[in-house]
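These notes concern the structure reproduced below.
Derivation of every value follows stated rules applied to the coordinates shown; laboratory data play no part. The model shown is predicted, which means the values in this text are computed figures rather than measured ones. Every residue, glycine as well, gets a Cβ built from its backbone with ideal geometry; the counts of neighbours run over all protein chains shown.
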Amino acid sequence: MQSILSLLLLFLANTTTGYLTPDPPGKYNVTLTTGPLIDYARNGRALMLSVFQPSTCASTVPVRYMPKKTAEFQGPFIQAIYNTTLNLTPLFLEAQLPVCSGHSGSCSDDHPILLFSPAYSIPRVYYSVLASAIASNGFIVITIDNPGIADIITYPDGHAVYNNDTEQSLTYIKTQIPIVATDASFVIDQLSNATAMAKLLPHRGPRPFPTDRVAMMGHSLGGVASVIAAGQDSRIRGAINWDATFIQLPPKSGVSQPVLLMSHGMADYSWPEAWPRLKGPKLWVNIANTTHATFTDVPILLQAAGQDLAATADLLGAIAPTEMLRILVAYTTAWMDGVFAGKIGGPLLESHQPSKFPEATIIKTGNF
Ligand SMILES: *[C@@H]1O[C@H](CO)[C@@H](O)[C@H](O)[C@H]1NC(C)=O
Ligand SMILES: *[C@@H]1O[C@H](CO)[C@@H](O)[C@H](O)[C@H]1NC(C)=O
Ligand SMILES: *[C@@H]1O[C@H](CO)[C@@H](O)[C@H](O)[C@H]1NC(C)=O
Ligand SMILES: *[C@@H]1O[C@H](CO)[C@@H](O)[C@H](O)[C@H]1NC(C)=O
Ligand SMILES: *[C@@H]1O[C@H](CO)[C@@H](O)[C@H](O)[C@H]1NC(C)=O
């Protein structure tokens, strides 16, 4: 019996192309639909979206994690901007995401929508495991690529748009914040455009989404842009900033929506400065043993691929990737549940469960 099993494993090891990322941890599985959303009022600007919808399918199928063209671009690009020999191309090429196959009508619209905005020059597909984990807890998560900001966006027809900026100057990155905010407002406009939604999600038919239950979150540039966008668009009911310096401070008049900040220990000057301008419920959680890059799928992909994590600890943090995933998902979903319930609180956010996640520490809290 034992030897049959080992033979079988050997057989699988030799025939399987790639590896599967972890199943989403929540009470749902997810469907994934990708496609462009085109802003005809801004020269046909084509955002690329991944829409993760909670669904009740009892089994999943593996789908390619990242378009081949995008994956092949990442190796050399990341090597150039991080000055590392780590080549991420194979990791991305071989990853498979478990999602519900087809659309059997088991997706409900009855979930709030979270817009997710990536880091500067990092494509949205770096966050698909995190997005599906959040979606599996009952949110429609829409990750968004902004042309000129993502290093590469590969469209369904195979063509790509590049941003070859390897300098990554903060002065330049700052100029992209209003663009990300405008793109987010455009996506919210289009949620109520039945024709645009039917093109993006053909299985749903021409029905608008309600726009009164939308919030925004993001990593790095996407995180600070989420807070700035919330200050400008009152349809954004709450915001989460994962580990971004406030290279643009919230307006002096303040941002009234609930804002969650999650940091990797940088605690830079900008957060205490931004804090008084957050006028709604607010929470700052720090996560020990992480780096800026831990707030992406990369650590969880390395683990799923069976790579040696010690070799990348300097770049990606020493925290166990599954623990990081649990922390990000727990705080994000608790925060967004509170946003849409109109009442932020509960044991995790109120610091009554300090032993649940030893790496997570509440630094500051206000207005709830
Ligand atoms: C999701 O799919 C997996 C198979 O990939 C299955 O084991 C699990 O039970 C499903 N979860 C739900 C909530 O249906
Ligand atoms: C890149 O890394 C190499 C080796 O680690 C180092 O010698 C070099 O100075 C670094 N270059 C830059 C621009 O930081
Ligand atoms: C950006 O990089 C892509 C892929 O390497 C290349 O095809 C394109 O010409 C570059 N664009 C610019 C403006 O350098
Ligand atoms: C709605 O979407 C369709 C299809 O993308 C587009 O042609 C139309 O201009 C949009 N309408 C508005 C008001 O944005
Ligand atoms: C950080 O990681 C080290 C080594 O794994 C561990 O000993 C330490 O407890 C961790 N710190 C926190 C705050 O969890």
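Quick notes on this one:
- Fewest-first sequence of Val61, Val329, Val259, Val129 by Cβ atoms within 10 Å of each Cβ: Val61, Val329, Val129, Val259
- The stretch 222-272: C-alpha gyration tensor shape, a/c 1.5 cut-off, then a/b vs b/c: prolate
- A simple packing score, the average count of other Cβ atoms within 10 Å per residue, orders the peptides 246-252, 212-218 as 212-218, 246-252, with the highest score first.
- Dipole moment magnitude, nearest 20 debye, the stretch 18-366 about Cα centre, only Lys, Arg, Asp, Glu C-beta charged: 840
- Alpha-carbon centroids, the stretch 62-80 and the stretch 284-344: separation in whole Å: 21
- Rounded, prolate or oblate (a/c below 1.5 giving rounded, otherwise prolate when a/b exceeds b/c) for the chain by Cα gyration tensor: rounded
- A protection proxy built from the mean count of other Cβ atoms within 10 Å ranks the segments 356-367, 18-29, most packed first, as 18-29, 356-367.
- Whole-Hz couplings from phi, Karplus 6.51/-1.76/1.60, listed for the stretch 79-84; x for Gly and Pro: 4, 6, 7, 9, 6, 10
- Whether the stretch 159-275 is rounded, prolate or oblate, judged on the alpha carbon gyration tensor where a/c under 1.5 counts as rounded: oblate
- Each stretch of four or more DSSP H residues adds -39500 (n - 2.57); spread over every residue of the chain, this sum gives -9500 deg cm²/dmol at 222 nm.
- Over the stretch 18-366, relative contact order from alpha-carbon pairs under 8 Å, at least 6 apart, %: 15
- Charge-dipole axis of the stretch 18-366 as Lys and Arg at +1 and Asp and Glu at -1 on Cβ define it, positive-most pick from Leu325, Gly338, Pro62: Gly338
- Note on Thr182, Thr70: ascending count of other Cβ atoms within 10 Å places them as Thr182, Thr70, the fewest first.
- In order along the stretch 271-279, the Karplus-derived 3J(HN,Hα) couplings, from 6.51 cos²θ - 1.76 cosθ + 1.60 at θ = phi - 60°, round to 6, x, 6, 6, 3, x, 7, 8, 9 Hz, and Gly and Pro are given as x.
- Most positive-pole-ward Cα, Ile122, Asn164, Ile140, against dipole of the stretch 107-220 from beta carbon charges: Ile140
- Between the stretch 89-168 and the stretch 18-55, the alpha-carbon center distance in angstrom: 5
- Each residue of the stretch 150-157 was assigned a 3J(HN,Hα) from its phi angle through the Karplus expression (A = 6.51, B = -1.76, C = 1.60, θ = phi - 60°), giving 4, 4, 8, 10, 9, 8, x, 7 Hz with x at Gly and Pro.
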